[in-house]
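One structure below.
Please treat every number below as a calculation from the coordinates, not as lab data. Fair warning: this is a prediction, and the values are worked out from it, not measured in the lab. Quick reminder, even Gly has a Cβ in these numbers, built from the backbone with ideal geometry, and neighbours come from all protein chains shown.
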Amino acid sequence: MAVTLPIYMDNHATTPVDPRVLEAMLPYFTGKFGNAASRNHSFGWSAEEAVENARQQVASLINATSKEIIFTSGATESDNLMIKGIAEMFREKGNHIITQAIEHKAVLDTCKNLEKHGFEVTYLPVQRDGRVSLEDLKAAIKPTTILITIMYANNEIGVINPIAEIGKIAKERGIFLAVDGVQAVGKIPVDVQKDNIDVLAISAHKIYGPKGVGALYVRRRNPRVQLSAIIDGGGHERGMRSGTLNVPGIVGLGKACEIAQKGMPEESVKMLGLRERLRKGLEAKLDEVFINGSMEHRLPNNLNMSFAYVEGESLLMGINDIAVSSGSACTSATLEPSYVLKALGVGEDLAHTSIRFGLGRFNTQEEVDYVIDKMVQVVTKLRELSPLYEMAKEGIDISKMKWQTA
Amino acid sequence: MAYSEKVVDHYNNPRNVGSLPKEDPNVGTGLVGAPECGDVMKLQMKINPETQVIEEAKFKTFGCGSAIASSSLATEWVKGKTVEEALSIKNTDIVRELSLPPVKIHCSVLAEDAIKAAIGDWKKKHGAEVPATEKASH
């Protein structure tokens, strides 16, 4: 089968809408355009029915009940709501929050904001493999701790945290556990009961749904979690999130969850197969490549690899018919390499050479093979151009050299 | 980020890639930047001690496309020039020629530093007084 260029392999950033999802959404833009809050005519009723159906589809994917799902504009809002909502509601109980260094910015910046409002936040370091240490977590808990917020799986390195163990620790101590589930939900089994998750943020566009819609699971029993709203208005979504519901988007999210749930056993095997083909292909044909983060506890669709002596942005420039992303500073406006890789203890020199591959539902084996060949070709070319590679081959230890830093 | 045509051209067809024997008394080597910063440039020139003309120039660069293009362009520009002429190349000339955006100006600074460092190394080999490497202006 021929490969169509460009190839999209950046599925941690976003995913295309699955045609089945789009089909489910379309009637809700035109014929069934009603406001789900309109209680007195059929337009409203059919919109409400569609929303409730979607609520059930989302709940089912994570083993929750539909009454525990509220809809939002996306995971950034869900992350903000779960953290600020709990912090505000329970601030009389305590003001201490525990999170970790490699959370998504939607969590880190929310926590930083709360610090300005009298909250104390502990940012746990991560281990070399990218996971949170349970011992570190236990040691950080104080009498004033009200919330632990740890992501299920990381967006750069795909590393999965021991959420069930963290949930157990939180539950035993009566602390809420709020989880950013954006990269994990729909890719690996996430069970809010087994994992003792109290609040869980979900995004539609990472699981082949539309952009601009997300959900938040809010536990109703054992314990009942209450959130202070961050948006005031008509009291939609049980008062936790006012604003007219994005019915087509919600229908899309629901359908995306249904497809993910049904297809997960098969799809995760396919993802793992493609990912391993990619990893083995690159490792067989290139020397001095390093995987960032745990291979054991990792999403099946993620590969994050450093290609020593080759700067990430120049690599992306050479593979411009393949969409991936890099942890190199040059790809960001800040000129700082990835804070995630830094937190893992990856040296800045290697952080600059990292590439994140995010495989998805629509990638094929032929595409993986094309990516391997192209990567090998460009890395080889750039290494011939790299003074660092030349020095390494001459046996010079680059880390011991004195560099003129600007 | 969109690259200018000239950057893409230098990236796809880098000029004068390679190394010269660094022990050769007529070869000056400049190695600037740092791996942690994501840019390292090695620029080498073979300079005729009689005429002070740069007869050959080679580079190798670890860095983004703009860094590769800046150093590739630098080798093109210094070839055939005298040492004094080469020292007059300013990073702003490189910025202009390659249409570098503000976030990539440091690449041109590094290329100017590399030219100065290579010439400095050559002068040192010839026992000349080496003025402290001037920092290129940002």
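Some observations on this one:
- Rounded tilt (10° steps) of A:247-285 against the dominant C-alpha axis of chain A: 20 degrees
- Dipole of chain B, positive end: most advanced residue of B:I115, B:V7, B:T92 [Cβ charges, Cα centre]: B:V7
- Shape of segment B:1-43, Cα gyration tensor, a/c cut at 1.5: oblate
- Across segment A:1-126 the C-alpha pair distances fall into 5 Å bins from zero in the proportions 2, 8, 11, 14, 14, 14, 12, 11, 9, 4, 1, 0, 0 percent.
- For segment A:365-379 versus segment A:70-108, the gap between their alpha-carbon centres in whole angstrom: 40 Å
- Alpha-carbon centroids, segment A:1-68 and segment A:175-234: separation in whole Å: 16 Å
- Given +1 at the Cβ of Lys and Arg, -1 at the Cβ of Asp and Glu and no other charges, the dipole of segment B:5-125 around its Cα centre is 120 debye to the nearest 20.
- Applying the Karplus relation 6.51 cos²θ - 1.76 cosθ + 1.60 with θ = phi - 60° to segment A:299-309 yields 3J(HN,Hα) values of 4, x, 9, 10, 9, 10, 10, 9, 10, 3, 6 Hz, where x marks Gly and Pro.
- Cross-link pairs exceeding 18 Å between alpha carbons, from the set A:K187/A:K270; A:K142/A:K168; A:K105/A:K142; A:K187/A:K262; A:K67/A:K168: A:K105/A:K142; A:K67/A:K168.
- DSSP beta bridges confined to segment B:5-125 are antiparallel in about 95 percent of cases.
- Per-residue ³J(HN,Hα) for segment A:58-70, Karplus 6.51 cos²θ - 1.76 cosθ + 1.60, θ = phi - 60°, Hz, x for Gly and Pro: 5, 4, 4, 4, 10, 6, 10, 9, 5, 5, 8, 9, 10
- Normalised convex hull volume, segment A:19-260, alpha-carbon set, Å³ per residue: 110 Å³
- Cα-based Rg of segment B:21-65 normalised by 2.2 N^0.38 Å, two decimals: 1.34
- Segment A:129-237 shape via C-alpha gyration tensor axes, a/c threshold 1.5: oblate
- Each label was represented as a point 7 Å from its Cα along the Cα-to-Cβ direction; for A:E336 and A:Q365 these points are 4.4 nm apart.
- With a simple spin-label model that places each label point 7 Å from the Cα along the Cα-to-Cβ direction, the separation between A:S228 and A:T244 comes to 2.9 nm.
- Mean separation of Cα contacts under 8 Å (6+ apart) over length of chain A, as relative contact order %: 21 percent
- Computed from Cα positions, the angle between helix A:163-172 and the longest principal axis of chain A comes to roughly 50 degrees.
- Over 31 Å (Cα to Cα) - which of A:K342/A:K374; B:K46/B:K104; B:K6/B:K124; A:K138/A:K402; A:K211/A:K280; A:K280/A:K393 fall in this group: B:K6/B:K124; A:K138/A:K402; A:K211/A:K280
- Inter-chain shielding of B:104-111 (mean C-beta neighbours from other protein chains, 10 Å cut-off): 1
- Quick note on segment B:5-125: its Rg to Rh ratio, both from C-alpha atoms and Rh being the Kirkwood radius, is 0.95.
- Computed from Cα atoms, the angle from the helix B:65-78 axis to the main principal axis of chain B rounds to 40 degrees.
- Radius, Kirkwood style, for chain A when every pair of distinct Cα atoms is counted (Å): 22.4 Å
- Placing unit charges on each Cβ (+1 for Lys and Arg, -1 for Asp and Glu) gives segment B:13-65 a dipole about its Cα centre, and among B:C64, B:N26, B:M41 the Cα reaching farthest toward its positive end belongs to B:C64.
- Think of segment A:19-260 as a dipole: +1 on every Lys or Arg Cβ, -1 on every Asp or Glu Cβ, centred on the Cα centre; then among A:F33, A:I250, A:Q226, A:Q226 lies furthest on the positive end.
- Residues in segment A:92-100 carry Karplus couplings, in order, of 6, 7, x, 10, 9, 10, 10, 9, 9 Hz; the curve used is 6.51 cos²θ - 1.76 cosθ + 1.60 with θ = phi - 60°, and Gly or Pro positions show x.
- Once the Cβ-Cβ distance of A:R173 and A:K105 is raised to the sixth power relative to R0 = 35 Å, the FRET efficiency obtained is 0.80.
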